[in-house]
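Worksheet: the structure to be examined is printed underneath.
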Amino acid sequence: MKKLLLLAVIFISYHISAQTPPAGSLFIQNYTPHFVGYVIWKSNMGSPATGCTPVLEARNIQNDLMMLAPAVNSSTPSEANYESNVNLGFAPNPTYPATPLIERVNINNNFNPPYNNTPSPIIATFSNLTTWTGMKIGITNTSGVNIGGYYFMGETCGSSTVATDLSAYPNPVVNGSYFSFGGATWAVFF
């Protein structure tokens, strides 16, 4: 039954979306009444011997988690889209205006110095070598109180296992699904 519900949510999410995201992008939908905070990353999964480098980690400069607003209502999600070139996330996305801005990019887990609010040719080059591969998630209520997480969905370097949902966590506050469809990577929270 859970798998049927999951398939129905995926199907509905894809068809309700006003735009189909470009190939290589990461599309996030939040159907919950909570804020979904996240850190997202791209990596080169074809290079496990090097730790799947380069790894680009996109964050918010103030609290490290980018926050996607709660759903507008039970059938209209809050949506975010990040294109393949991470540099494009530094500016507002006119197609998906609720998309939280990327304000800091760390490369290969080097937090000093991060790239803050500035597009860079290095980021553009590394964006071309990587794909969206994972996200760390924290759930916050509308009062700003953390009520769940941290959770992980995505791929792990050197492993063929993909965390496609939050079933590995006992009693997660929300349900989530992580998958590829139409050339894009999707994360749907419900």
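Selection of the range 177-190 for residues being among the hydroxyl-bearing types (S, T, Y) and open to solvent by less than 50 Å² (accessible area, probe 1.4 Å) yields S177, Y178, T185. For the range 113-122, the criterion of being within 15 Å of the chain's Cα centre (by Cα), of a type outside the set (S, T, N, Q), at pLDDT below 95 and open to solvent by less than 50 Å² (accessible area, probe 1.4 Å) is satisfied by no residue at all. Could you say whether any residue in the range 63-77 is of a type in the set (V, I, T) and farther than 19 Å from L26 by Cβ? Yes, the conditions are met somewhere in the range 63-77. Might you let me know whether the range 97-111 holds any residue that is over 18 Å from D64 (Cα atoms), open to solvent by 80 Å² or more (accessible area, probe 1.4 Å) and part of a loop (DSSP other than H, G, I, E, B)? Checked against the condition, which is being over 18 Å from D64 (Cα atoms), open to solvent by 80 Å² or more (accessible area, probe 1.4 Å) and part of a loop (DSSP other than H, G, I, E, B), the range 97-111 yields at least one hit. Set side by side, the residues A58, A80, A23, A71 differ, and just one is in a loop (DSSP other than H, G, I, E, B) and open to solvent by less than 50 Å² (accessible area, probe 1.4 Å), which is A71. In the set (1) closer than 15 Å to L68 by Cα; (2) more than 18 Å from the chain's Cα centre (by Cα), N171 fails one condition alone, (1). Within the range 156-176, being surrounded by fewer than 21 Cβ atoms within 10 Å (Cβ to Cβ) and not in a loop (DSSP other than H, G, I, E, B) holds for V162, A163, D165. When the test is whether a residue is closer than 30 Å to V72 by Cα, loosely packed, with under 12 Cβ neighbours inside 10 Å and not aliphatic (A, V, I, L, M), G134 does not pass it. Restricting the range 42-55 to residues that are among the β-branched types (V, I, T) and either without any contact (Cβ under 8 Å) to a residue 12 or more places away in the chain or open to solvent by less than 40 Å² (accessible area, probe 1.4 Å) (or both), the residue that is farthest from S120 (Cα to Cα) is T50.
The values are calculated or read from the model by the stated rules, or taken from the named source; none is laboratory data. For clarity, every value in this text was computed on a predicted model and none was experimentally measured. Note: ideal-geometry Cβ built from the backbone for every residue, glycine included; neighbour counts use all protein chains shown. What goes into the accessible areas is simple: the full protein's heavy atoms, side chains included, and nothing from ligands, DNA or RNA. Shrake-Rupley method; radii C 1.70, N 1.55, O 1.52, S 1.80 Å.
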